[in-house]
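Notes follow once the structure below has been shown.
The values are calculated or read from the model by the stated rules, or taken from the named source; none is laboratory data. Computed from a predicted structure; not experimentally measured. Here the Cβ is made from the backbone with ideal geometry for all residues, glycine too, and neighbour counts use every protein chain on show. To get the accessible areas, we keep the full protein, side chains included, count just its heavy atoms, and leave off ligands, DNA and RNA. Shrake-Rupley method; radii C 1.70, N 1.55, O 1.52, S 1.80 Å.
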Amino acid sequence: MENAKLEQKPVMSALLTREPPAHPRIDQLTDPPPRIIIEDLAPDVDCGRYRAKRCVGDVVAVGAAIFRDGHDVIRAVVRYRPPGTSEWSEVEMDRVKPDHGDDRWSAPFEVDRIGRWAWTIEAWSDDFATWRRELERKAAGGQENLDSELSEGLALLRRTLDRVPDDDDDARTVLAAALAVLADPTAPPEQRVAVALAPDLATTAAGHPNRDRATRLDRILELDVERRLAAVGAWYELFPRSWGGFAGVRDALPQLASLGFDVVYLPPVHPIGLTNRKGRNDAIAAGPGDPGSPWAIGSADGGHTAIHPELGTIDDFDRLAAAARDHGVELALDFAIQCSADHPWLTEHPDWFHKRPDGTLKYAENPPKRYQDIYNVDFDSPDWRALWSALRDVVLFWVDHGIQIFRVDNPHTKPVAFWEWLIADVRAGHPEVIFLAEAFTRAPMMRELAKIGFSQSYTYFTWKNTRAELTEYVAELAAPPMSDYFRPNFFVNTPDILSEYLQTGGKPAFAARLTLAATLSPTYGIYSGFESFEHTPRRPGSEEYLNSEKYETKQRRLDGQLLPFISMINGLRRDHAALQQVDNVRFLETENDQLIAYVKQSPDETLIVVVVLDPDNAQEGVTVVPHDCGLPPAFTAIDLLSGEAFDWRLGRNYVRLDPSRQVAHILEVVRP
């Protein structure tokens with residue numbers, strides 16, 4: 001593969017090295033410094049160092065604290081610019097709580113295309129509105145002689161008229177009529193005041209303000225706007241070799257689509273190395289016929305851009321990708337930066353791998369786990385530019401073959417700067433590409449990967465099982481700043497993670513975890529076998545599956561007992577916008593820690609979800625609906641799972657769930 005030359009520019013944002021602004025001397029200024037303060041911006045990630053994330057169709061709520069000395073009337077606008085254009089649009093900002101003297105301002109604008117959007121804020125003192133308010137107060141207070149005030153207004157209106165375009169006849173007519181009265185010394189004072197305070201004059205003057213001395217932010221912020229699937233989707237993970245290769249997966253696509261899955265995620269589909277190949281249950285030595293781990297990438301048949309011969313050909317892969325699109329499903333492909341001992345890169349580019357002093361290579365380890373069948377590349381290689389380019393070219397190769405979603409294996413073990421460069425470089429030409437970070441690691445690293453460009457992220461959800469754990473964790477994900485850049489993907493299980501809760505809880509545990517994942521997070525996923533309640537660990541205390549599919553081929557088909565429930569849940573997610581957000585969740589009191597309840601609202605609906613966390617016993621308690629949820633004192637709630645109707649009210653509502661019969665209520669409030 002020919003390696004394209006890396007751009008000669010800093011990998012990390014220039015904001016990393018930007019010096020604090022210098023305070024200019026007054027003899028260097030032509031105008032006095034701005035008197036309006038604009039601070040505490042939203043959405044804002046690390047003071048503009050990173051981009052907040054949104055999706056096409058989102059309404060971006062921009063907020064800021066805006067104030068100044070004195071008592072002048074302030075006006076402000078959000079200015080925004082879509083990608084691919086130099087034209088700016090703007091929308092006027094309003095005070096959030098004007099009656100409380102609040103200095104918080106906000107304004108919305110909708111993003112309608114993918115790419116990087118720019119936005120900033122401009123604020124100014126409205127001279128005419130300030131003068132009008134002062135005149136109104138003096139007139140209301142009984143002050144009789146207002147000639148000086150009216151002369152000020154006359155001057156302001158003349159300057160306003162000068163700013164009105166010649167073709168704006170309506171505005172010029174209103175202003176000219178007012179000027180004629182204010183300039184007439186014979187007009188009664190009360191008439192002149194009435195004309196000056198006329199609402200139509202205020203509206204006209206507001207449309208042509210003097211913004212010459214406006215305060216503008218000293219920087220332009222950006223939004224990373226992606227397509228909807230970057231934030232909302234149901235994922236199904238499968239190993240193609242267990243489904244009869246690409247042809248078998250293609251045959252399963254209609255059923256996967258009918259179940260409501262949006263993404264079918266494939267672990268690596270590349271040739272698997274023979275040297276140090278793992279056997280069943282992670283045995284160090286493979287037995288006859290053991291297929292090895294798909295993550296041990298590379299053999300004599302090729303590397304990261306090759307197809308395992310037993311799965312099909314590249315043409316078969318192309319047909320699979322096309323069939324997925326025809327059924328409204330997308331393929332996601334694993335991108336794992338590691339090589340078996342037989343990968344062509346080890347002989348073609350030996351400098352891309354770290355050698356010990358004795359010349360041997362060190363295989364990958366994550367103690368106590370050992371991966372004798374793979375080697376990591378050396379990102380500190382003197383030939384790092386060629387390595388980076390080759391890895392980028394792998395991604396672009398699969399983009400050319402119809403892949404627009406990549407699940408990235410262990411990105412936290414590679415340089416953050418590399419990911420920032422690769423994602424930006426790929427999306428510069430293919431902004432539709434989505435990257436999922438499979439990083440189960442320290443929270444700061446997970447957050448950093450999201451900030452630098454990963455579209456969505458695996459989470460700690462798999463290990464959050466109690467009411468307290470779920471409430472605390474989801475509340476963190478749902479609130480700024482994390483909600484502005486970190487999109488969670490709540491996988492309930494993975495080939496590496498079989499939680500203790502699923503091992504011991506039986507069918508109710510699987511149904512409960514599915515409900516929580518699919519209703520708390522806009523994006524969630526399951527790994528095949530979940531629908532059949534696979535729950536046997538390799539050994540007590542282990543999260544590894546016994547007879548793990550990572551090391552052997554199974555005979556898979558979609559016939560699990562949980563599939564009807566999965567289909568119902570996915571259907572509800574598509575039909576109800578309230579389930580397509582994470583930042584709209586509000587947890588409710590239950591007075592029983594074995595019940596968790598939360599409300600999710602969109603402009604057109606309110607859903608109340610109650611889930612029993614005890615998979616073995618019926619639990620009862622209350623769900624306390626707060627008075628500030630915008631609901632009537634009493635209302636009807638329809639359970640979308642059972643069809644039952646319940647009479648609910650603000651305050652305490654009795655709930656009883658028997659997990660052997662039903663693990664959850666998903667209640668839709670019936671609006672009058």
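Tabulated values for the structure
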{"quantity": "Point-to-point label distance, Asp583-Thr30, nm (Cα→Cβ direction, 7 Å offset)", "calculated": "3.9 nm"}
{"quantity": "Lys, Arg +1 and Asp, Glu -1 on Cβ, resulting dipole of segment 39-83 about Cα centre, debye, nearest 20", "calculated": "340 debye"}
{"quantity": "Reciprocal of mean inverse Cα separation for segment 414-462 (Kirkwood radius, Å)", "calculated": "11.2 Å"}
{"quantity": "Dipole magnitude of the chain, debye to nearest 20 (Cβ charges: Lys/Arg +1, Asp/Glu -1, about Cα centre)", "calculated": "1260 debye"}
{"quantity": "Farthest toward positive dipole pole in the chain [+1 Lys/Arg, -1 Asp/Glu at C-beta], among Pro488, Ala475, Thr462", "calculated": "Thr462"}
{"quantity": "Protection-proxy order for peptides 404-410, 212-218, each taking the mean of Cβ atoms within 10 Å per residue, highest first", "calculated": "404-410, 212-218"}
{"quantity": "Cα-projected label distance for Val73 with Thr305, points at 7 Å along beta-carbon direction, nm", "calculated": "6.4 nm"}
{"quantity": "DSSP-loop trypsin sites (Lys or Arg not before Pro) across segment 567-672, with at most 15 other Cβ within 10 angstrom", "calculated": "Arg661"}
{"quantity": "Sorted largest first, extent of the chain alpha carbons per principal axis (Å)", "calculated": "110, 66, 42"}
{"quantity": "Cross-link partners of Lys451 among aspartates and glutamates (Cα-Cα below 12 Å; sequence separation of 8 or more within a chain)", "calculated": "Asp44, Asp46, Asp224, Glu420, Asp484"}
{"quantity": "Of Ala247, Leu502, Ser340, farthest towards positive along the dipole that unit charges on Lys, Arg, Asp, Glu beta carbons give the chain", "calculated": "Ser340"}
{"quantity": "Ordering of 292-299, 363-370 by packing [mean C-beta count within 10 Å, highest first]", "calculated": "292-299, 363-370"}
{"quantity": "Loop GluC sites (Glu not before Pro), segment 116-149, which have at most 12 other Cβ atoms in a 10 Å radius of their Cβ (DSSP)", "calculated": "Glu144"}
{"quantity": "Acute angle (nearest 10 degrees) that the helix 245-258 long axis makes with the longest principal axis of the chain, alpha-carbon atoms", "calculated": "40 degrees"}
{"quantity": "Acute angle (nearest 10 degrees) that the helix 500-520 long axis makes with the longest principal axis of the chain, alpha-carbon atoms", "calculated": "30 degrees"}
{"quantity": "Listed residue (Gly302, Thr85, Val663) projecting farthest to the positive dipole end of the chain, Cβ model", "calculated": "Gly302"}
{"quantity": "Peptide ranges 614-624, 523-533, 431-441 listed from the most packed, as the mean C-beta count within 10 angstrom indicates", "calculated": "523-533, 431-441, 614-624"}
{"quantity": "Gyration tensor (alpha-carbon) shape descriptor, segment 361-438, a/c threshold 1.5", "calculated": "prolate"}
{"quantity": "For the chain, accessible area per residue (1.4 Å probe, heavy atoms of protein chains only), Å²", "calculated": "45 Å²"}
{"quantity": "Fully extended contour minus Cα-Cα distance, from His100 to Asp169, at 0.36 nm per residue", "calculated": "21.0 nm"}
{"quantity": "Cut-off 15 Å between beta-carbons: net charge of the residues surrounding Leu311, Lys and Arg +1, Asp and Glu -1", "calculated": "-3"}
{"quantity": "Euclidean distance between Cα centres, segment 564-617 to segment 209-283, Å", "calculated": "24 Å"}
{"quantity": "On Cα atoms only, tilt of 314-326 relative to the major axis of the chain in degrees", "calculated": "40 degrees"}
{"quantity": "R0 of 60 Å, Cβ-Cβ distance Arg280-Arg113: FRET efficiency to nearest 0.05", "calculated": "0.75"}
{"quantity": "Alpha-carbon Rg with Dmax, taken over segment 232-386, Å", "calculated": "17.3, 56"}
{"quantity": "Carbon and sulfur %, accessible surface of the chain computed with the full protein complex present, 1.4 Å", "calculated": "49 percent"}
